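**Q** Okay, here's the structure, questions in a sec.
The values are calculated or read from the model by the stated rules, or taken from the named source; none is laboratory data. Computed from a predicted structure; not experimentally measured. Methodologically, a virtual Cβ is constructed for each residue, glycine included, from the backbone with ideal geometry; neighbour enumeration extends over all protein chains shown.
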Amino acid sequence: MRAEPFDFPFERAETALIVIDMQRDFIEPGGFGAALGNDVSRLAAITPTVARLIAGFRRAGLPVIHTRECHRPDLSDCPPAKRLRGAPSLRIGDAGPMGRILVAGEPGAEIVTDCAPAPGETVIDKPGKGAFYATPLSDVLAGLGVSRLVFAGVTTEVCVQTTMREANDRGFDCLLATDATESYFPEFKAAAIAMITAQGGIVGWAAPTDAILEALDVPAPA
Ligand code: C5J
């Protein structure tokens, strides 16, 4: 597959898609992202591209795994260092227009409709930024027998990059879909992609969704 910094060693049977945190709390007004003072419209804009990538993996019959950053209702898995940091207008666990912020089971913690998990797809709820920390993701991937991971979702430099780094350390070849990920800060997205692909792909590869879909070789239905 054509990619940066050089071609990605795509092996269809060994590849899964991981879609990070396409949740209402990050993407819609009234959620955690907005409470932190961010313009969420940048993130909402990639939703169709993420949906197109997900659809391509489904047509190819390859695994799609979704993650959600969220906490137990009693917040026992949310360290005070996370909950109390900064000065958001709403903190994790506070009641907002989409229910309690980043709490499992609340409307805001759900994945946006256009990227919603299909029946049977794995959804990993994670208390941290990385999707491997305190979750069954390693076991899920071992069960699938995959060695290559394509990443999409939000935000590029926080949960996406953290999870890519965790995956890289665990021996996975990782590729970031550059137009299916976004940050509230365009310069952070660009820097994250540069950090991932620099030094001969020290964390992994990057390619646009069209290149990934071309390699999957599953034309969109007419
Ligand atoms: C953040 C995330 N940015 N999913 N979470 O707090 O990137």
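**Q** Report, by residue number, each residue of region 25-40 that is more than 12 Å from the ligand (Cβ to nearest atom) and closer than 15 Å to Asp114 by Cα.
**A** Passing the criteria: only Glu28.
**Q** Right, another one. Of the residues Ala198, Ala194, only one is assigned to a helix (DSSP H, G or I), touching a residue at least 60 places away in the same chain (Cβ under 8 Å), surrounded by fewer than 19 Cβ atoms within 10 Å (Cβ to Cβ) and of a type in the set (A, V, I, L, M); which?
**A** Criteria check complete, one pass: Ala198.
**Q** Output the number of the condition that Phe8 fails; it satisfies all remaining conditions of (1) aromatic (Phe, Trp, Tyr); (2) over 20 Å from the mean Cα position of the chain (by Cα); (3) within 17 Å of Leu213 (Cα to Cα).
**A** (2)
**Q** From the list Leu90, Leu43, pick out the single residue that is in a helix (DSSP H, G or I), within 16 Å of the ligand (Cβ to nearest atom) and touching a helix residue (DSSP H, G or I) at 6+ places or on another chain (Cβ under 7 Å).
**A** After ruling out the rest, the residue left standing is Leu43.
**Q** Just to check your reading of the model, which residue among Ala35, Ala60, Ala55, Ala45 is touching a Leu at 6+ places or on another chain (Cβ under 6 Å), modelled with pLDDT of 95 or more and surrounded by fewer than 19 Cβ atoms within 10 Å (Cβ to Cβ)?
**A** One residue alone meets the criteria, Ala60.
**Q** Those residues that are part of a loop (DSSP other than H, G, I, E, B) and either without any contact (Cβ under 8 Å) to a residue 12 or more places away in the chain or within 16 Å of the ligand (Cβ to nearest atom) (or both), I need them from region 118-158; list them, please.
**A** Pro119, Gly120, Pro127, Gly128, Lys129, Gly130, Ala131, Phe132, Tyr133, Ala134, Thr135, Thr155
**Q** Pro9 - would you say it is in contact (Cβ under 8 Å) with a residue 12 or more places away in the chain, assigned to a loop (DSSP other than H, G, I, E, B) and within 12 Å of the ligand (Cβ to nearest atom)?
**A** Taking the combined requirement at face value, the residue does not satisfy it.
**Q** Using beta carbons and a limit of 8 Å, which pairs, at least six apart or on different chains, have the first residue in region 37-52 and charged (D, E, K, R) and the second one assigned to a helix (DSSP H, G or I) and buried (at least 18 other Cβ atoms within 10 Å of the Cβ)?
**A** Qualifying pairs under 8 Å: Arg52/Thr209; Arg52/Leu213.
**Q** Out of all the residues in region 104-117, which are surrounded by fewer than 19 Cβ atoms within 10 Å (Cβ to Cβ) and outside any helix (DSSP H, G or I)?
**A** Answer for region 104-117, where residues must be surrounded by fewer than 19 Cβ atoms within 10 Å (Cβ to Cβ) and outside any helix (DSSP H, G or I): Ala104, Gly105, Val112, Ala116, Pro117.
**Q** Filter region 46-87 for residues that are among the basic types (Lys, Arg) and either part of a loop (DSSP other than H, G, I, E, B) or within 15 Å of the ligand (Cβ to nearest atom) (or both) and give the result.
**A** Within region 46-87, Arg68, Arg72, Lys82, Arg83, Arg85 meet the criteria.
**Q** Give me a count of the residues in region 80-91 that are out of contact with any strand residue (DSSP E or B) (no Cβ under 6 Å at 6 or more places or on another chain) and either touching a residue at least 60 places away in the same chain (Cβ under 8 Å) or among the hydrophobic types (A, V, I, L, M, F, W, C) (or both).
**A** 3
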